[in-house]
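What follows draws every value from the coordinates through simple rules; no lab data is involved. Computed from a predicted model, the values in this text were never measured in an experiment. Cβ coordinates were reconstructed from backbone atoms using ideal geometry, including for glycine residues, and neighbour counts include every protein chain displayed.
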Amino acid sequence: MSFSVEKIETRGQFDQLAGQWNTLLENSEASSIFLTFEWISSWLDVLPSLPELFVLVVRDAHGALAAIAPFYVARHRLLGCKHYRCLRVLGDWQTGAEHQDVLVRRDALAARDVLYAALADARTDFDWIWLPYTQTETGAAARGEALAALCGGFSYAREFEYLSVSLPESIELYRQRLSKSTASNFRRQEKALGGRYRVLEMTEDRAHQLDDWLDTLFHLHTRRWQIVGKPGSFVKQPLLQPFYRRFAAVALQNNWLKFYRLDVDGKPVAMQFGYGFNDRLLSIQEGFEPDAPSGSGNVLRMMVIRRCIDESISTYDFLAHGSKHKQRWRGQVHAGQSLFFGTQNWSNLPLRWLPFWPTGRFIRHLEP
């Protein structure tokens, strides 16, 4: 099979891929909401300015998409002086995105080699590639490592863990998995709330309330962290709020949004924000009122898990970096890798000997 390669550099060119992008994604091992056309286009819409697109597209002999390297050029500065061009996956900055990957159609695996060769040919146009969240079980980490080998320069990897809960057929079976102390605490917390609480879900008939719900989420999340002396995600990452507003509306229209609120005595005290995609609920963000009755967040999560089971959703996914609190919910651990690698050039010589990381104090990310 013959293939052709095109480099997408303008928003207009990118928008022309709308009709085929998700079809390719669904037929690849990279299928994730974080790589959908809607996620990326929503991110581009809220950025102050368009980043430098570096999207390599491979088409088969019939003109159908066979593979995509969905990159943009981010600028980083090493040790306060030297500037570098770093390829990153579109939609990864200040959105909460994970699962970075390249897209390769399952029935056109030869397109992967064509895509890699095109990236290798373009090595003089960039210095680094950074993939902060790749999954091992989907092959994303291996595909990233193959790209690192082609680049030929330094290569660093850090391992981390994903945590997800495989859901049984009933909430009773799920409760049986929990430790006796955890199950007892949840029953006590739910009993203490009595008939004072109710759980609401954001649905299309409540779409006119979406902005108000998001305002409440931002407030509860920020308040919770400020009490312990930290700013919280929505303060540290200014783009996060406008992105949530933009993509939440799109996700609601596509039946992807999973947004829940726990009210106690008629007042919102806990919220869970996530997406439903590929038979999984992706838990993205949470917020709760620090002065709310103890365990309100736990009660909400248990009710959300119950609804997932009722809707035959197979997995409740905590995504990366499971905390001890999350591990109490009897999740399974899955391996992930953060990959940072570069091309073979003189500018990258310091990084062959100094294992700096792009989130550290020695390398500063300059906004797109």
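See the values below:
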quantity	calculated
Net +/- balance of residues flanking Gly276 in space, Cβ distance below 12 Å, scoring K and R +1, D and E -1	-1
In degrees, nearest ten, helix 240-253 long axis to first principal axis of the chain (Cα)	80
Förster-model FRET efficiency, 41 Å R0, His62 and Asp205, C-beta, rounded to 0.05	0.45
D_trans [Stokes-Einstein, Kirkwood Rh over alpha-carbon pairs] for the stretch 113-185, 4 °C, 1.567 mPa s, µm² s⁻¹	81
Electrostatic dipole magnitude of the chain [Cβ: Lys, Arg +1; Asp, Glu -1; Cα centre; debye, to 20]	1500
Matching label, Cα extents along the principal axes in Å computed from the structure shown, candidates (i) 82, 58, 39; (ii) 159, 47, 31; (iii) 65, 48, 39	(iii)
Label-to-label distance, nm, for residues given as Arg196 and Gln13 (7 Å Cα→Cβ offset)	6.0
Lys82 paired with Asn255, simple spin-label distance in nm, labels 7 Å along Cα-to-beta-carbon	5.3
Largest-first ellipsoid semi-axes for the stretch 6-72, taking √(5λ) over the Cα gyration tensor eigenvalues, angstrom	19, 14, 10
Where a label projected 7 Å from the Cα of Leu366 along Cα→Cβ would reach, residues of the stretch 108-130 with amide N under 17 Å	125-129
Count, lysine Cα pairs under 19 Å in the chain, 8 or more residues apart or across chains	5
Semi-axis lengths (Å, descending) of the ellipsoid that matches the C-alpha gyration tensor of the stretch 314-354	38, 11, 6
Rounded tilt (10° steps) of 37-46 against the dominant C-alpha axis of the chain	90
Using a Förster distance of 51 Å, the FRET efficiency for Leu349-Arg328 (Cβ separation, nearest 0.05)	0.65
Mean projected area (nm²) of the alpha-carbon convex hull when the stretch 171-250 is viewed from all directions	8.2
Relative contact order %, the stretch 20-179, counting alpha carbon pairs below 8 Å whose residues are six or more apart	22
Dipole moment magnitude, nearest 20 debye, the stretch 71-224 about Cα centre, only Lys, Arg, Asp, Glu C-beta charged	720
Phi to ³J(HN,Hα) by Karplus 6.51 cos²θ - 1.76 cosθ + 1.60 over the stretch 209-225, Hz, x for Gly, Pro	9, 4, 4, 5, 4, 5, 4, 5, 4, 4, 5, 5, 5, 5, 4, 4, 7
Over the stretch 270-331, volume per residue of the alpha carbon convex hull, in Å³	86
Hydrodynamic radius by Kirkwood, which averages 1/r over all alpha carbon pairs of the stretch 207-364, in angstrom	18.1
Pairwise Cα inverse-distance average, inverted: Kirkwood Rh of the stretch 2-132 (Å)	15.1
Cβ-defined net charge surrounding Arg143, 12 Å radius [Lys, Arg +1; Asp, Glu -1]	-3
At R0 = 22 Å, FRET efficiency that the Cβ-Cβ distance of Glu52 and Ser4 yields, to 0.05	0.45
Exposure proxy ranking, count of Cβ atoms within 10 Å, fewest first, for Val73, Val228, Val299	Val228, Val73, Val299
Pairwise centroid distance, computed over Cα atoms, of the stretch 1-63 with the stretch 343-368, Å	27
